[in-house]
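The values are calculated or read from the model by the stated rules, or taken from the named source; none is laboratory data. Not measured: the values here are computed from a predicted model. So basically every Cβ, Gly included, is an ideal-geometry build from the backbone, and we count neighbours across all protein chains shown. Surface accessibility is based on the protein's heavy atoms, side chains included, excluding ligands, DNA and RNA. Shrake-Rupley method; radii C 1.70, N 1.55, O 1.52, S 1.80 Å.
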Amino acid sequence: MGGEAVVVEDRRYNSSTSSHSPSSPSTCLSHFWSSALRAKTLTSPSVRSTHNGDALLRRLGLFDLLLIGVGASIGAGIFVVTGTVARDAGPGVTVSFILAGAACVLNALCYAELASRIPAVVGGAYLYAYTAFNELTAFLVFAQLMVDYHIGAASIARSLASYVVSLLELFPFFKENIPSWIGHGGEEFFGGALSINILAPILLALLTVVLCRGIGESSILNSCMTATKIVIVIIVIFAGAFEVDVSNWSPFAPNGFKEVLTGATVVFFAYVGFDAVANSAEESKRPQRDLPIGILGSLLICVALYIGVCLVLTGMVPYKFLDEDAPLAAAFSSKGMKFVSILISIGAVAGLTTTLLVGLYVQSRLYLGLGRDGLLPSIFAKVHRTRHTPVHSQVWVGIVAGVLAGLFNVHVLSHILSVGTLTGYSVVSACVISLRWNDKAASQVSSRWTSTWREGVLCLVIVAACGFSTGLLYRLNASSIFMLVAIVIAVLASAALCFRQTYVYPPGFSCPGVPIVPTVSIFFNIFLFAQLHYEAWWRFVILSIVTVAVYAIYGQYHADPSSETIVYHRAPTEDAQ
């Protein structure tokens, strides 16, 4: 398997159709659907790549991938969100992190299989959707994820700027001498429509330069910063353990289990780093082996750190008195351990830096994948000949984040985030099931296969709809009977997936319990989707409409070009073994 080439090629529509402009509405619609339903197919002939000049450089080992996953996850979540959720869930916030971690393990198992299955290509969730379903679904996944990434990067940049200013103010020369338009929040104009912040774009520019220089340099920076914050978090856990008063853990769930479950929906987004590992596929030395380990390993490390911090935090200070903005620093200050508070501020800077660095890295690789496939202008597909980085994509990502962070208070948009993450995870879980069917289709063609495939997709849609219905009923405090009905329908759809479909185990890492594990993952992801703010739902609908329009105007005509199919290779034999 190690030296096996993977050809990712598009199912081409008829050349006569593409060579003439649609002349009627029916022809136009037919062309749209034939384009939208194109999908990539995977074959394994012995072909050697002729695109080495456009390839990324394989420099990431297993340790690098683990640090990328941890670096993307451990940030504001551990330094801020823990205290915010604990105010409602009490010490039960520990259970909230455990539940969210367990849910993310299901998603990570699906990611691990697909990363092992398509191990040497950038694109992550977008590429998986393109391979398992179709072009339009993949483009929709990309758009939803990209809005999350762009707004998230700008928001993190502003938080990082604020923490950097806080550290500078520890020195008397800077104390109270740094204006708000440099780092703290921002200087508002036109009634708050604009909020000028200078430091955030500067930090983004510096990180963009590091990423453009090469994966080696950015990996070194990420490794150093991630190692720093892990050490600080471990110091916090051990130092705080001696200050724990177990009486603060009683009652463990003062507001009931519902608040604990609600807390799990909030902290779920503290575990999103494994998507970054999947997007590192083309730069991994041994992708078949290292990607699954990196995805699952980084997630388990984050779960352990989060649980330790939660237990210490709620044991040191009664949950009612936790500070919402800087809970860890305030907790140690209240115990007279100000030196630990300074360490926590340093850890917060390191944490936010790595989260931002990895976020910018992932965005550029997604743009690279779409540029290669023709869904975006070809400039995004260009890779620097000596640096082996997608410089154009990376600079574009930095510019977008810099403009947002420098001119707008993007924190107010936080309630419309996470839509792309949840929908992307759900699609990835569905891809695991669909690709198992596609394996069967490739080896056994029958007149009944198409209807069977559609039946399976319908079952997946029913599971997702039941997950949303259950989540909405739970949110509205509806009768548990209605929720039970939705759950029963989801169980029946899952049973149909189990007994009416045939599954083939793929080579490499295999997600256990297919189709049950991916189905449960979809149900829980969409359940969490229902807990999001109503404006997040509107964002999902409006962005989907805009994305379809962009695809209709540009994507359908430029994707799947008539040039040679791009050949993506697995890692060389000597690296894969």
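What distance in nm lies between label points placed 7 Å from Cα along the C-beta direction at residue 535 and residue 209?
Output for this residue pair reads 3.5 nm.
Would you please classify the overall shape of segment 112-187 from the alpha carbon gyration tensor, given that a ≥ b ≥ c denote the square roots of the eigenvalues, rounded means a/c under 1.5, and beyond that prolate means a/b larger than b/c while oblate covers the rest?
prolate
Can you give me the accessible area per residue for segment 169-323, using a 1.4 Å probe, in Å²?
Values: 6890 Å² over 155 residues.
On a per-residue basis, segment 169-323 sits at 44 Å².
At 1.4 Å probe size, with no ligands or nucleic acids counted, give the accessible surface of residue 209 in Å², nearest ten.
Its heavy atoms expose roughly 80 Å² to the probe.
Pop the C-beta distance of residue 378 and residue 477 into the FRET formula with R0 = 41 Å and round what comes out to the nearest 0.05.
Rounded to the nearest 0.05, the efficiency is 0.20.
Angle check, please: helix 516-529 long axis (alpha carbons) against the longest principal axis of the chain (alpha carbons), in degrees 0 to 90, nearest 10.
60
May I ask you to give the percent of accessible area on the chain that is carbon plus sulfur, with a probe radius of 1.4 Å?
68
Work out the count of Lys pairs in the chain where the Cα-Cα distance is under 24 Å, with the pair 8 or more places apart or on different chains.
9
Work out how much length residue 29 to residue 461 would gain on full extension: take 0.36 nm times their residue separation and subtract the Cα-Cα distance, in nm to one decimal.
Values: separation 432, 0.36 × 432 = 155.52 nm, distance 2.40 nm.
So the chain would gain 153.1 nm between residue 29 and residue 461.
Which longest uninterrupted range of the chain lacks any GluC sites (Glu not before Pro) assigned by DSSP to a loop state (not H, G, I, E or B) and surrounded by at most 13 other Cβ atoms within 10 Å?
Between the exposed loop sites, the longest stretch runs 325-563.
So how much slack lies between residue 505 and residue 247, counting 0.36 nm per residue of separation and subtracting their Cα-Cα distance, in nm?
Numbers: separation 258, 0.36 × 258 = 92.88 nm, distance 5.02 nm.
Contour length minus Cα-Cα distance gives 87.9 nm.
Which is the longest run of the chain containing none of the trypsin sites (Lys or Arg not before Pro) found in DSSP loop states (not H, G, I, E, B) with at most 11 other C-beta atoms within 10 Å?
For trypsin sites (Lys or Arg not before Pro) (loop position, at most 11 other Cβ atoms within 10 Å), the longest site-free span of the chain is 176-384.
Roughly how many debye, to the nearest 20, is the charge dipole of the chain about its Cα centre, given +1 on each Lys and Arg Cβ, -1 on each Asp and Glu Cβ, and no other charges? Mind dumping the intermediate values first?
Values: 33 positive and 32 negative charges, 183 e Å.
Computed charge dipole of the chain: roughly 880 debye.
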